[in-house]
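A.B. asks: One structure follows; several queries about it will come next.
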Amino acid sequence: MRQLLLFVTTATLFACNGPSESKKGSASGVALTQSNLYSEDTVLMVANASSGKNKEADKLFLQAIDVYRNKKNPSHAVAIFRKSILTQPQAKAYYELGNALGDIGELEEGLQAYDIADVLDYKPLNKLLYNKACLYSRLKDLDKAKQYLVSAIEFGYGNLKNIRNDKDLANLREDNQYTFNDIIMTAMSGSTDPDKLQWAVFSHEFTQVKFPLLLDMKYAANMTEDKIISYDNERYVPEMRDYAFSRDVGAEYYRVGLVRSNDSNRTLIYGVVDEMGGNKLPVYYIASFNTKGILIDKLMIGGQKILKDPFKVATINANYDIEISSFELTYEKDPDQEGYEDNPVKSQRPLGKDTYAIKEDGHFVKKDVVLGMR
C-alpha cells in the first residue's frame, strides 16, 4: 500500500561538468523550516526546486548516519538529520529521521517523517511500510499496524523471522495471538518464497544497461539521487557490511544497471562513492546473484579504492565481455603536499588492459590473451 501521493572532477580524457547545486532549502520564496518540516506541499515544492546533488546535505546525512548507526546516539542524530533536510529535503534523510525518532520514543513524529519519505518516493517501499507498522504497533493503533504490515509483505517484505520476533510488533502479535500467523501467510500467499520475492523487488530496480557501457570519470554524473541504494539492502551489497560496524556509513551506493539475466542468475553493476574516505568518484562493481539474491561472484571494474592506486575504466560490451583499462594519473599539484581536493588530473598514462567474460553460472573469468609469434 502506498500513499500515492558526484562530485565530478576535471580530467583530460574523462572529465565533464557535474549537476549544479540548487539554492539550499528554499523555492521561489518558500523556505523549509522546523515548523513546516512535515508539510507535504512545502517539502515537495522545495524538493522539486532543489533537485540534483547537494554536497552539504549529503555530508550532513552521512554524519547523522555515523552518529546514529556507529556511535549509537539517535538523539544527536535526529538534530543532524533535520539539518540535512533543511539544507535539501531527501527521502533517505526523512526515512532515517523516522528511524531515529522511533528509537527515542517520538513515535508520532517518526510516523510524520515516514509519511514525507513516502511522498518523496523512498525505496524500498516495503521496509518503509514495515517500519510504519512497527510504530503503529507501539502506539497500540493495531488496525493501522496490521494494515501496514500486510501492505509491507505484499510489497515484498519477506523477513518472516523478524516479523515473528520483532519486539516493536509485540502489541500486534498479542492482539492477534490466534490469527497472527494466518495474517502473515495470507499476505504472503502471492509468493511461496519470501526471500525470492524480496530479491525480485530489489533486482528489478536495476534497468537494462545499453551496450557498450563505458564507466569512466564522466559516468559519475549519472550517480543521481533517484539511483541510490538504501542501507536496508545491505544483504545484497557486500561493501555495506564490514567487521567493525553493521553498515559502512561513510559511503553512498548507486544502481548502475542490469547487465545480463538468465534462469539461474542476474548480473548487476553498482557504484560506491566513499566521500568520507576522500574519494569522491565512484568505485564500480559487477556482481552476479542467484534467484534468491545470494552472491555468486563479484569484481571491481572501475574507479580506484585508494587515490594512489591506478584508475580503472571499464567497458562492458554486447557479448558481455568486460574490458578493464588501468591508468596512472598525474595531478597538477603534488597530492602528498596539496591533497586531492581541488587538484585536477593533468594527465593519465595507460598501464594495460584485462578482459573478463561472464560464465553461464555467473562467475567472472579472465580471458587469456596470447601474445607472440607463430
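The values are calculated or read from the model by the stated rules, or taken from the named source; none is laboratory data. Quantities reported herein were computed from a predicted structural model and do not represent experimental measurements. Positions of Cβ are generated from backbone atoms using ideal geometry, with glycine treated the same way; all protein chains shown enter the neighbour counts. What goes into the accessible areas is simple: the full protein's heavy atoms, side chains included, and nothing from ligands, DNA or RNA. Shrake-Rupley method; radii C 1.70, N 1.55, O 1.52, S 1.80 Å.
A.B. asks: Restricting things to alpha carbons, tell me how big region 70-148 is in terms of Rg and Dmax, in Å.
C.D. replies: 12.1, 36
A.B. asks: With the full set of protein chains in place, find how many percent of the accessible area of the chain is carbon and sulfur; take the probe as 1.4 Å. Before the final figure, lay out the partial values.
C.D. replies: Numbers: 8900 of 18230 Å².
In the chain, the share of accessible area belonging to carbon and sulfur is 49 percent.
A.B. asks: If you wrap a convex hull around the Cα atoms of the chain, how much volume per residue is inside, in Å³? Before the final figure, lay out the partial values.
C.D. replies: Numbers: hull volume 59.5 nm³, N = 374.
About 159 Å³ per residue, rounded to a whole number.
A.B. asks: To continue, here is another question. Considering only protein heavy atoms, with the full assembly of protein chains and a 1.4 angstrom probe, order S151, S39 by accessible area, largest first. Display every interim value, and only then the final one.
C.D. replies: Details: S151 5, S39 40 Å².
From most accessible down to least: S39, S151.
A.B. asks: Order of 116-123, 330-337 by packing, highest average Cβ count within 10 Å first?
C.D. replies: 116-123, 330-337
A.B. asks: Hey, what did region 133-232 get for relative contact order, percent, Cα under 8 Å, at least 6 apart? Mind dumping the intermediate values first?
C.D. replies: On the way: 63 pairs, mean separation 27.6, N = 100.
The value is 28 percent.
A.B. asks: Oh, and also: What are the lysines whose alpha-carbon lies under 19 Å from the alpha-carbon of K59, with same-chain residues fewer than 8 places away excluded?
C.D. replies: List returned: K23, K24, K71, K72, K83, K92, K227, K280.
A.B. asks: Probe of 1.4 angstrom, ligands and nucleic acids ignored: what's the accessible area per residue over region 127-180, in square angstrom? Intermediate results must be reported in sequence, preceding the final value.
C.D. replies: Values: 2700 Å² over 54 residues.
Ligands and nucleic acids excluded, the result is 50 Å² per residue.
A.B. asks: Moving on to the next point. Given the whole protein assembly as supplied and a 1.4 Å probe, what does the accessible area of F211 come to in Å², nearest 10?
C.D. replies: Rounded to the nearest 10, the figure is 70 Å².
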